[in-house]
1. Short version: ³J(HN,Hα) in whole Hz for each residue of the stretch 52-69, in order, from phi by Karplus 6.51 cos²θ - 1.76 cosθ + 1.60 (θ = phi - 60°), x for Gly and Pro, what are they?
2. Using the Karplus curve 6.51 cos²θ - 1.76 cosθ + 1.60 with θ = phi - 60°, work out ³J(HN,Hα) for each residue of the stretch 36-44 in order, rounded to whole Hz, and write x for Gly and Pro.
3. Between beta-carbons, use under 14 Å as the cut-off and find the net charge around ASP40, counting Lys and Arg +1, Asp and Glu -1.
Amino acid sequence: KIARERKASSYQSGLMDSLAGLFSGGHKERREICVVVKADVQGSAEALARSLTELKLENEEAEVGIKVLISEAGDVTKS
């Protein structure tokens, strides 16, 4: 049982090293979160959309940004 656990542990560490090598090749995965902005007045919608597009999360594996699909003013409802 101990030998089997050691073998599994070495396999997992080798797998993690392979994945780390794959991601550290300078190729970051780029992802986007798409949002729809609706506010009660146009100025608020524009300010919120601008702030959201400036937000970015980046680490050694991926870069995540926000893409505003639509930004408009109008009545805000639950639907």
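The numbers here are math on the coordinates, done by the rules we state, and not lab data. All values derive from a computational prediction rather than experimental measurement. Note: ideal-geometry Cβ built from the backbone for every residue, glycine included; neighbour counts use all protein chains shown.
1. Values per residue, Gly and Pro as x: 5, 5, 7, 6, 8, 10, 9, 9, 6, 9, 8, 10, 10, x, 10, 10, 8, 6 Hz.
2. 3J(HN,Hα) across the stretch 36-44, in whole Hz: 10, 10, 9, 10, 6, 10, 4, x, 5.
3. -2
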